[in-house]
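Following: one structure in structure tokens, then a few remarks.
The values are calculated or read from the model by the stated rules, or taken from the named source; none is laboratory data. Treat the numbers as computed from the prediction; the structure is a model and nothing was measured. Cβ atoms come from the backbone with ideal geometry, glycine included; neighbour counts cover every protein chain shown.
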Amino acid sequence: MAQPARLLLPALIAVLAPSAFAAPTPVDPRIESLLTELGKVHSISAVQLSPDGTQLAWVVRTEGKDGIEVAKADGSDVRRISDNKPGSCSSENIAWAPDSHHLAFVSNCASGGKQKDLVVVDVTAKGTPKRLAELPGVSDDLTWSPDGKSLAFLYVPNGTRRASAVYAAKPASGEIGVDGLEVQRVATVDATGGAVHLLTDASTYAYEYSWSPDNQRIAYVGAPPPGDNNWWVAKLYVQDAKVDAKATMVLDPTTVKGSLHGLQMALPRFSPDGQRIAFIGGLMSDQGSTGGDIYAVSSRGGEPVNLTPDTKVTPVWFTWSTSGNMLVSQVRNGQSEVAEYGVAGNKAEQSVTLFTLPASIYDGTASMALSLSANQTKVAFIQSSFDTAPEVHAGEFGKTSPPAVTHLNTGLKPSWGKTESVEWDNEGRHVQGWLLYPANYDPKKSYPMIVTVHGGPSAAVIPRWPAVGFGGVPFSALGYFVFMPNPRGSFGQGEAYVQANRKDFGHGDLRDILAGIDTIEKKLPVDDKRLGLTGWSYGGFMSMFVPTQTQRFRAVVAGAGISNWQSYYGQNLIDQWMVPFFGASVYDDPAVYAKSSAINFIKQVKTPTLIVVGDRDAECPAPQSFEYWHALRAQGVPTSLVVYPNEGHHFVDPDHQRDVLQRALMWFDKYLPAKG
């Protein structure tokens with residue numbers, strides 16, 4: 001979901017529903033068994049291949065703490081380097097030096113968990129990590145300069161929260177929008193250690209950055225603080241990689257002409273000769289959920305050029321190979337794809353498809369990012385699917401995806417049913433989605449189906465192993481078909497498809513979803529009288545809005561949704577995302593917001609609805625859930641609202657993660673039982 005802000009209504013929450021804050025639910029043995037199995041997965045959050053292609057490092061969670069392991073490129077000779085006792089402290093944010101001997105990372109192990117430090121270790125010597133600098137605050141995106149003489153990272157000095165709106169917002173106090181602003185900046189530390197150098201100024205919140213090939217400059221995307229709000233109006237800057245260097249604004253999407261006008265930028269990358277900066281531009285819901293076309297602009301400024309106009313896929317990550325070639329990860333029809341592109345002048349065209357996977361791939365720095373050797377002949381990434389739990393994959397880079405080289409989760413087997421890609425056409429568009437069969441499927445029986453709408457809307461369902469927490473996959477284990485569509489507004493069919501639901505939230509995409517349900521029901525024993533609906537974020541909005549448009553669904557679970565776009569615009573502190581999607585502010589065009597607001601059609605709702613939300617959600621504020629719950633309760637519609645304390649848009653408390661999924665499972669079991 002695009003990032004609306006948290007609400008300033010904790011007192012209202014307490015007055016309206018003091019008992020609404022989450023308390024543990026009674027345990028259903030079937031669900032408890034499923035949750036226990038989901039909890040066995042070892043989460044791998046990052047992987048990096050050394051530049052010479054001979055070694056791997058990855059971050060794996062053990063006993064609630066992140067630790068770093070290194071191994072040979074084939075996965076052998078694994079050893080832990082960040083601490084001696086797994087679970088005793090945390091280390092993360094790994095980066096290999098150009099010499100392939102030294103690995104840098106951020107760790108609190110030396111201080112016993114109290115203080116984060118930037119450290120480096122000579123992996124070949126198997127020595128003790130050396131502290132380069134103290135990092136009081138929040139840091140991310142650690143990279144070495146090409147010459148290996150310094151390290152750069154995004155840094156919030158003395159930051160009190162993760163630099164992302166998906167995490168719990170700070171309690172509101174003081175002058176809103178002024179007091180307590182935390183600014184993320186690009187910082188460096190010499191490779192030999194010493195002081196932290198803040199390169200970008202305190203008046204600009206930096207979201208992403210990259211080094212120039214000659215080590216002399218950085219390019220970054222930035223905007224005035226608060227950072228949670230202004231990514232949608234961020235500009236591209238270039239400056240010398242020095243303290244107090246003057247930044248040059250290279251590109252402002254709000255003033256450029258052509259297809260990028262009013263849209264977003266991500267992943268700025270210098271060309272190998274340093275003359276151009278390529279980036280991904282498009283209509284994006286969140287910073288970090290990247291997708292669009294590939295653009296290029298002179299590193300000295302000017303009008304950008306769309307290198308991939310009219311493409312029918314969604315590039316989400318890329319790197320330059322040479323000045324005439326790029327390596328691109330992209331979403332195609334709900335799958336991950338890696339391809340080579342030839343770049344000639346102002347055009348980039350796909351030349352070779354290397355591999356396409358019905359699985360999610362990532363390296364921990366960006367969605368679908370790859371970790372490559374310096375000569376790009378070897379590759380590593382984390383891969384998971386509905387059928388296979390996460391593992392590190394690594395090997396030769398070619399037309400076959402590399403094999404798994406870790407065995408952290410090989411003992412885990414899915415307790416849900418088989419997976420199938422479903423495709424259909426609607427209103428002149430090709431649409432795709434994923435269908436999970438019920439566990440122990442019997443074609444002679446009739447089954448209910450739960451439709452899960454993804455967040456975004458600028459995102460896509462790509463198969464991945466589920467974690468404990470809210471999600472659709474576990475419903476399959478309890479005897480449901482689970483349909484996860486990628487309707488208009490999703491990544492995977494080109495930028496025109498992504499933009500097809502601008503000014504039309506909940507209408508055209510609903511028609512795509514209903515057409516997909518019809519397609520499934522024509523060939524499989526789905527009981528149309530037993531359809532359920534759920535989703536989180538944009539999917540939570542759809543779970544609130546859809547029952548106002550159709551009575552086809554018999555039970556709903558709405559996670560972190562939005563019930564009233566008009567009140568939401570005024571309630572939130574992070575409103576910049578809304579204009580690109582709605583075309584104007586609510587004050588300039590209230591009608592476009594009204595047509596997609598569930599509350600304006602609330603008298604049509606008859607469906608039993610469970611509503612769940614975090615009380616410090618900075619993206620989909622809790623009062624939106626209160627407004628919907630209040631309206632349903634006033635009309636006698638069966639409903640329940642559960643508010644989770646100290647949670648943001650992304651739940652972090654393991655007990656809350658388990659509880660929200662269990663409540664959803666039990667709600668459907670009550671109002672949409674698998675045995676009908």
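So the values come out like this:
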| quantity | calculated |
| --- | --- |
| Answer from S43, S100 - the residue that is more than 26 Å from A163 (Cβ to Cβ), out of contact with any helix residue (DSSP H, G or I) (no Cβ under 9 Å at 6 or more places or on another chain) and among the hydroxyl-bearing types (S, T, Y) | S100 |
| Some residue of the range 127-134 being exposed (fewer than 14 other Cβ atoms within 10 Å of the Cβ) and either within 31 Å of the chain's Cα centre (by Cα) or in a loop (DSSP other than H, G, I, E, B) (or both) | yes |
| Any hit, the range 240-252, residues being within 17 Å of Q499 (Cα to Cα) and either of a type in the set (K, R) or crowded, with 21+ Cβ neighbours inside 10 Å (or both) | no |
| Hey, E337 in a strand (DSSP E or B), of a type in the set (D, E) and loosely packed, with under 15 Cβ neighbours inside 10 Å or not | no |
| Complete set of residues in the range 290-318 that are part of a loop (DSSP other than H, G, I, E, B), without any contact (Cβ under 8 Å) to a residue 60 or more places away in the chain and among the β-branched types (V, I, T) | T308 |
| Test: residue in the range 254-263 that is within 26 Å of N375 (Cβ to Cβ) and of a type in the set (A, V, I, L, M) | no |
| Flag for K503 being of a type outside the set (S, T, N, Q) and touching a residue at least 12 places away in the same chain (Cβ under 8 Å) | yes |
| Members of the range 263-289 found to be among the aliphatic types (A, V, I, L, M) and assigned to a loop (DSSP other than H, G, I, E, B), listed by number | L263, L283, M284 |
| Failed item in (1) free of Cβ contacts under 8 Å to residues at least 24 places away in the same chain; (2) of a type outside the set (D, E, K, R); (3) surrounded by 19 or more Cβ atoms within 10 Å (Cβ to Cβ), with H261 passing the rest | (3) |
| Extreme residue, nearest to the chain's Cα centre (by Cα), among residues of the range 203-260 that are over 28 Å from V579 (Cβ atoms) and basic (K, R) | R217 |
| Leading residue by the ranking (nearest to P402 (Cα to Cα)) among those in the range 340-368 that are buried (at least 20 other Cβ atoms within 10 Å of the Cβ) and over 18 Å from the mean Cα position of the chain (by Cα) | Y341 |
| Tally of residues being surrounded by fewer than 24 Cβ atoms within 10 Å (Cβ to Cβ) and under 11 Å from W434 (Cα atoms) across the range 484-498 | 0 |
| Lone unmet requirement of (1) in contact with a Leu (Cβ under 6 Å, 6 or more places away or on another chain); (2) modelled with pLDDT of 95 or more for Y628 | (1) |
| Conditions (1) in contact with a Lys or Arg (Cβ under 9 Å, 6 or more places away or on another chain); (2) over 26 Å from D179 (Cβ atoms); (3) hydroxyl-bearing (S, T, Y): number failed by T200 | (2) |
| Check on G177, surrounded by fewer than 22 Cβ atoms within 10 Å (Cβ to Cβ), in contact with a Pro (Cβ under 9 Å, 6 or more places away or on another chain) and touching a residue at least 60 places away in the same chain (Cβ under 8 Å) | yes |
| Those residues of the range 369-401 which are surrounded by 19 or more Cβ atoms within 10 Å (Cβ to Cβ) and aliphatic (A, V, I, L, M), in sequence order | A369, L370, L372, V379, A380, I382, A389, V392, A394 |
| Criterion: among the small types (G, A, S) and in contact with a Lys or Arg (Cβ under 6 Å, 6 or more places away or on another chain) - qualifying residue of A163, A191, A152 | A191 |
| Residue in the range 296-303 that is more than 27 Å from the chain's Cα centre (by Cα) and over 30 Å from D147 (Cβ atoms) present | yes |
| Options D589, D669: the member that is without any contact (Cβ under 8 Å) to a residue 60 or more places away in the chain, touching a Lys or Arg at 6+ places or on another chain (Cβ under 9 Å) and of a type in the set (D, E) | D589 |
| S321 being polar (S, T, N, Q), in a strand (DSSP E or B) and under 18 Å from the mean Cα position of the chain (by Cα) | no |
| Residue in the range 381-401 that is nearest to P463 (Cα to Cα), counting only those that are part of a loop (DSSP other than H, G, I, E, B) and among the charged types (D, E, K, R) | D387 |
| Residues that are within 18 Å of P402 (Cα to Cα) and charged (D, E, K, R), drawn from the range 313-339 | E337 |
| Subset of the range 552-585 that is β-branched (V, I, T) and in a loop (DSSP other than H, G, I, E, B) - its residue that is farthest from V233 (Cα to Cα) | I562 |
| In the range 181-196, the residues that are over 17 Å from K116 (Cα atoms) and among the β-branched types (V, I, T) | V183, V186, T192 |
| All positions within the range 411-422 that are assigned to a strand (DSSP E or B) and of a type outside the set (D, E, K, R) | T419, S421, V422 |
| Selection status of Q275, in contact with a Gly (Cβ under 7 Å, 6 or more places away or on another chain) and either polar (S, T, N, Q) or within 13 Å of R217 (Cα to Cα) (or both) | no |
| Matching residues in the range 369-388 - criterion: being over 18 Å from the mean Cα position of the chain (by Cα) and more than 19 Å from I94 (Cβ to Cβ) | N375, Q376, T377, D387, T388 |
| The range 428-445, residues that are surrounded by 13 or more Cβ atoms within 10 Å (Cβ to Cβ), small (G, A, S) and more than 10 Å from G479 (Cα to Cα) | G433 |
| Residue within the range 402-410 that is more than 25 Å from P146 (Cα to Cα), assigned to a strand (DSSP E or B), of a type in the set (S, T, N, Q) and in contact with a strand residue (DSSP E or B) (Cβ under 6 Å, 6 or more places away or on another chain) present | no |
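Table: residues versus (1) at pLDDT below 95; (2) out of contact with any Gly (no Cβ under 9 Å at 6 or more places or on another chain); (3) among the charged types (D, E, K, R).
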{"position": "K399", "(1), (2), (3)": "yes, yes, yes"}
{"position": "V405", "(1), (2), (3)": "no, no, no"}
{"position": "N409", "(1), (2), (3)": "no, yes, no"}
{"position": "V422", "(1), (2), (3)": "no, no, no"}
{"position": "D425", "(1), (2), (3)": "no, yes, yes"}
{"position": "G428", "(1), (2), (3)": "no, yes, no"}
{"position": "K444", "(1), (2), (3)": "no, yes, yes"}
{"position": "F470", "(1), (2), (3)": "yes, no, no"}
